[in-house]
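Structure, as structure tokens:
The values are calculated or read from the model by the stated rules, or taken from the named source; none is laboratory data. All values derive from a computational prediction rather than experimental measurement.
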Amino acid sequence: MAVLPKKRAQLLLFIVGVVVLSITAEKCRLLVGEEAASKSGQFTFLNCFDGSSGTLACVVKEGVKLYFYNIKALHVESKRNVAIETALADSMAQGMSAEAAAKVAKKEGAKAAKLAQRKANRIIGPIISSGWDFFEAIYFGGTATEGFLRGTGTLFGTYSVGFMGEQRFGRFGYLVGSHLGSWVGGRIGLMVYDVVNGVHYIMQFQKADEDASNDKIFEPEF
């Protein structure tokens, strides 16, 4: 019972952290100006409903991700079913009762599914999504650093939330969690970029101010 409050506390801390990061990132965006701020963040969920290029981009992007996530889920499910059928046939051939054979088959199916998850090309979907976000950042005029941080956030978000969704709701949870984690992770990556950019801007400003002060100190008097 203590695990549930702990998970809720972790979720609450995560949400608070994201909100704080979002506010800080927005302040940094205003500080450095639109030209220096992250570019790909201008493409929001609302652009998916503009009825033109934004809608097309969203449909293609989400379609590609869903296609590969679905391939992974089907692959794991197929391996599980094959393992269950094989184990069930072997157990029955050995003279086991139906109940005992079902238990063995279920255990073997779980092992096969776990192994398939490790060996399957589940990495393809997140990598494609991550790469897509990277090139989207570059397309909108962002820097390679922006693309890297957004792509990294997308990659980790897809894996972590997809894994949690799969643990709780199975295949459907993985599909939904992967999509949600991809979007959230990419946004967090952009926020991190804006914060880092803002901190760099402040440091550069302070350095310029210190240099100006030093020039005044050593300025010769006539």
**OP:** Name every residue in the range 33-54 that is at pLDDT 75 or above and in a helix (DSSP H, G or I), in order of residue number.
**Re:** 49
**OP:** Could you tell me which of the residues 134, 205, 148 is of a type in the set (Phe, Trp, Tyr), assigned to a helix (DSSP H, G or I) and at pLDDT below 80?
**Re:** 205
